[in-house]
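Everything below concerns the one structure shown next.
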Amino acid sequence: MTAGRAARTPVLVAVAHGTRDPAGVRTVRQLLDQVRGLRPGLRVRAGFLGHADPGLAETLDDLRGTPVVVPLLLGTGYHVRTDIPAALAAAGFGRAPVARVLGPDPLLATALGDRLREAGWPGTARGGAVVLAAAGSRDPAANAATAEAARLLGVRLGCPVLPSYLGGASPTPAEAVVALRARGHRCTAVAPYLLAPGFFARRAADCGANITCAPLGAHETVARLVLRRYDEACFRAVPLVTPGRSPGRPPRTAAHPR
């Protein structure tokens with residue numbers, strides 16, 4: 001990508017859950033490095049929803065160019081409906097395109113399958129089954145999306161996959177493990193339906209399964225999905241995303257350079 005084209009191309013603003021865990025922040029940064037590696041010249045900026053820097057408001061305030069927001073989130077919820085639109089409006093980007101969340105998607109099932117194999121998952125040969133451990137929500141639609149992610153993972157693996165929730169809904173991962181063993185599955189694995197290490201990933205690992213794999217993390221397939229969501233949002237917003245103008249924010253004057 002040439003310098004001139006890069007300057008006219010919308011900036012990918014990746015919005016992630018905040019975390020106090022340095023490993024979680026590091027994982028998000030590694031994922032975005034993979035995104036940059038897959039598309040050299042694309043400007044990629046991170047903005048966290050609390051507990052980590054830079055916050056989304058700071059990222060938007062410092063932004064040069066047109067933003068396209070890609071939530072690094074696995075389901076819809078309060079952040080998507082409220083926090084992100086509020087931050088965009090406050091920064092003068094109220095009409096900026098916001099991409100779909102990452103999940104559910106078959107590419108995430110592919111990445112989780114890889115994580116399970118890395119952790120020693122033997123597949124279906126030993127009567128194995130998997131628990132998909134999501135953060136959970138009080139929003140039935142968000143939990144239904146987790147159930148769909150579990151279905152996609154089951155199709156990918158060719159074995160039973162039960163959705164579970166670390167909060168806001170049931171069953172919990174531990175309850176799902178018990179249910180699978182009651183059905184005769186001798187080898188159970190937990191796949192955290194989470195982007196990065198942190199509090200929820202540690203809780204998912206403590207549920208009595210034989211195997212727990214790593215979260216999705218900085219996986220190339222996830223990076224490709226981030227770019228797919230960015231491209232989809234750019235395509236949908238063609239009338240808004242035009243070279244040299246930020247959607248929703250008036251052009252800056254000479255008296256207020258950025």
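Please compute the contact order of segment 106-212 in relative form: average sequence separation of alpha-carbon pairs under 8 Å and at least six residues apart, divided by the residue count, as a percent.
Computed value for segment 106-212: 34 percent relative contact order.
Given a Förster distance of 35 Å, report the FRET efficiency between ARG138 and LEU42 from their Cβ-Cβ distance, rounded to the nearest 0.05.
On the way: r = 36 Å, r/R0 = 1.03.
After rounding to 0.05, the efficiency reads 0.45.
Please provide three numbers in whole Å: the alpha-carbon extents of segment 106-212 along the principal axes, with the largest listed first.
If we take the Cα atoms of segment 106-212, the spans are 36, 29, 23 Å.
Under the 0.36 nm per residue contour assumption, what length would be gained going from the current alpha-carbon distance of ASP33 and ARG81 to full extension? Before the final figure, lay out each step's value.
Values: separation 48, 0.36 × 48 = 17.28 nm, distance 2.71 nm.
Gain on extension, ASP33 to ARG81, equals 14.6 nm.
Per-residue counts of other Cβ atoms within 10 Å, averaged by peptide: what ranking do you get for 37-50, 66-79, highest first?
Those peptides, ordered most packed to least, come out 66-79, 37-50.
How would segment 18-162 be classified by its alpha-carbon gyration tensor: rounded, prolate or oblate, with rounded meaning a/c under 1.5 and the a/b versus b/c comparison settling the rest?
Judged from the Cα gyration tensor, segment 18-162 comes out prolate (a/c at least 1.5, a/b above b/c).
Using only the C-alpha atoms of the chain, find the volume of their convex hull and express it per residue in Å³.
Cα convex hull per residue, to the nearest whole number: 116 Å³.
For segment 145-177 and segment 86-122, what is the centre-to-centre distance using only Cα atoms, to the nearest Å?
So the separation of the two Cα centres works out to 17 Å.
Every number here is computed from the coordinates shown, using simple stated rules; none is lab data. Here the structure is a predicted model, which is why all the values come from computation and not from measurement. Counting neighbours? That spans all protein chains shown, and the Cβs are built from the backbone with ideal geometry, glycine included.
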